[in-house]
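Comments concern the structure below.
Values in this text are rule-based calculations from the coordinates and carry no lab data. In this text, all values refer to a predicted model and were calculated from it rather than measured experimentally. Please note: Cβ atoms are built from the backbone with ideal geometry, for glycine as well, and neighbour counts cover all protein chains shown.
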Amino acid sequence: MNKLWSSFIIFSFIYAIFSHRIEEMVPELLLVPEKTIQLLFNVGGLMILYTGIFHMAIDAKVIDKVGIIFKPIVHWMMPNIQNKEIIQLVCANITANLLGLGMASTPMVLQILEKMKKDSNSNQITKEMVLLLIMNVSCFTIFPLTIISIREKYHSNLGIYVWLSLICITFLTSLISILVTKWRYHDIHH
Amino acid sequence: MIYIISGYILITIIVCIFKKVDGYHSFLCGIKEGSQVVVNMFSCLFGFVFVVECLKNCGIMEDMLNLSTHSWIPEIMVQMMVRPLSAGSSMSIMMDIYDKYGVDSFPALFSTFIHASCDTFFYMLTFYFSSVGIIQNKKVIYYGLFTLGISYILITFVMLLFF
C-alpha cells in the first residue's frame with residue numbers, strides 16, 4: 001500500500017514537472033482538506049443516518065425476523081458452525097447486504113469474526129471466515145438504499161431495468177463466487 | 001424510489017413502538033457506531049483524495065483523454081482499480097462522473113454499477129482481520145480477486161448489451 005501510494009505521488013509530480021503543469025497543480029493540492037471534508041459530509045452523513053436506522057431495526061428484532069429466511073442458506077454454506085449466535089449474526093449480515101448497507105454492518109462483521117475466532121481456538125483464517133468475506137465482497141443486493149439516496153440527491157431515480165440488472169449481476173456474482181470458494185478452498189492445517 | 005426509503009424508515013419506527021423498544025436510544029447508539037466508522041475512514045479517505053487529486057492535476061488524465069476515443073474510459077478504469085481499496089474514493093469518482101456527464105448517461109450508469117455491485121475487498125481484508133487479530137494467507141486474495149473479476153466482467157457485459 002505504502003509503495004503504491006508514494007510511487008503514484010512521485011510519478012504524478014514528475015509528470016507535472018515535465019508537462020509544465022506544476023504551477024496549476026500545487027494550488028489544487030492545497031484544496032484537498034476542503035474536498036475531503038466535503039466528501040465526508042456528503043457520504044459519511046448518509047452512512048451515519050443509515051447506521052442509526054439499521055441499529056434501531058436490530059434492536060426492534062426486525063432484522064432477526066427477516067434473517068430467519070436465510071437460515072437454511074447459512075446452514076448449507078457453513079455446515080461446521082453450530083453456534084446459534086453466529087448463525088443469527090450472519091443472517092443479519094445477509095439482510096444488511098440485501099438492503100445495500102454493507103458499510104452499516106461493519107461492527108457486525110467484526111463481532112462475527114471475533115466469535116468465530118473464539119470457537120476455532122486459533123488465529124488462523126478458516127473457511128467460514130473466507131466465505132463470510134466473499135459474501136460481503138460480492139454483496140447480493142435487492143434494495144440498494146445508499147445508491148438510491150445518492151441518486152435522489154441528483155434528482156434522478158433508479159430505472160427499473162437498471163435495478164433489475166443490478167439484482168441479476170450481484171446475484172450471479174455471489175452465487176458463482178460462493179460456489180467456487182466452497183468447492184475449491186481448503187484450510188491449511190499446521 | 002422515495003417510497004422504499006420512507007417505507008424502510010417508517011416500518012422500523014412502527015415496529016419499535018409496537019415492541020416498546022427505546023427507539024431513540026438505539027438510534028443514537030447506531031449514530032455513535034457509525035460516526036466512529038466514519039472517523040476511522042477519514043484518514044484513509046484523506047490519503048486517497050490526495051493521490052487522486054495528484055493524478056488528476058498532473059495532466060496525465062487529460063493526455064489520456066486526448067488519446068482514447070471515449071472520454072470516460074480512463075475514469076471508469078480508475079474507479080475499477082480504486083473500488084476494492086476504498087468506498088469513499090470510489091464514491092467521489094462516481095459523483096465526479098455524475099456532475100460531468102449527467103446522472104442518467106452511460107458512464108454514470110456504468111460507475112453506479114461498479115459502485116453498487118462490489119465491496120471494498122482489500123480494505124476489509126486488512127482492517128477486519130488485523131483488528132480481530134487473525135493471520136491471513138495468500139489464497140484468500142486470489143478468491144477475492146476472482147469475485148471482483150466476475151462482477152466486472154458481468155457489469156461490462158450487461159452495460160454493452162442492454163444500455
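For chain A, pairs of C-alpha atoms spaced more than 32 angstrom apart make up 35 percent of the total. Per-residue ellipticity at 222 nm computed for chain A from its helices equals -22500 deg cm²/dmol, with DSSP H segments shorter than 4 residues left out and the rest contributing -39,500 (n - 2.57). Rounded to 0.05, the FRET efficiency of the B:Leu161 and B:Met81 pair, given R0 = 22 Å and the Cβ-Cβ distance, is 0.40. Taking label points 7 Å from Cα along the Cα-to-Cβ direction, A:Tyr154 and B:Lys20 give a separation of 4.8 nm. So, R0 is 35 Å and r is the distance between the beta-carbons of B:Ile9 and A:His20; what FRET efficiency does that work out to, to 0.05? Rounded to the nearest 0.05, the efficiency is 0.10. Each residue, B:Leu28 and A:Gln124, gets one label point 7 Å from its Cα in the Cβ direction; the gap between the two is 4.7 nm. Backbone phi angles across segment A:12-27, fed through the Karplus curve with coefficients 6.51, -1.76 and 1.60 (θ = phi - 60°), yield HN-Hα couplings of 5, 5, 4, 4, 5, 5, 6, 9, 6, 10, 4, 5, 7, 6, 5, x Hz in residue order; Gly and Pro are listed as x. The calculated pair-distance distribution of the protein assembly as shown uses every alpha carbon pair, bins of 20 angstrom beginning at 0, and gives 28, 58, 13, 0 percent.
Suppose every Lys and Arg Cβ carries +1 and every Asp and Glu Cβ carries -1, with no other charges. What dipole size does chain A come out with about its Cα centre, to the nearest 20 debye?
It comes to approximately 520 debye.
For segment A:11-105, a crude dipole built from +1 on the beta carbon of Lys and Arg and -1 on the beta carbon of Asp and Glu, taken about the Cα centre, is about 500 debye to the nearest 20. Of all lysines in the structure, those lying under 25 Å Cα to Cα from A:Lys115, and not within fewer than 8 positions of it along the same chain, are A:Lys61, A:Lys65, A:Lys71, A:Lys84, A:Lys127, A:Lys182, B:Lys32, B:Lys138, B:Lys139. Classify segment B:2-72 as rounded, prolate or oblate, taking a ≥ b ≥ c as the square roots of the eigenvalues of its Cα gyration tensor: rounded when a/c is under 1.5, otherwise prolate if a/b is larger than b/c and oblate if not. Oblate, because a/c is 1.5 or more while a/b does not exceed b/c. Evaluated with a Cβ-only charge set (Lys, Arg +1; Asp, Glu -1), the protein assembly as shown carries a dipole of roughly 1160 debye about its Cα centre, given to the nearest 20. Once divided by 2.2 N^0.38 Å, the Cα radius of gyration of chain B becomes 1.28.
Of the residues B:Met91, A:Ile17, A:Ile69, the one whose Cα sits farthest toward the positive end of the charge dipole of the protein assembly as shown, with +1 on the Cβ of Lys and Arg and -1 on the Cβ of Asp and Glu, is A:Ile69.
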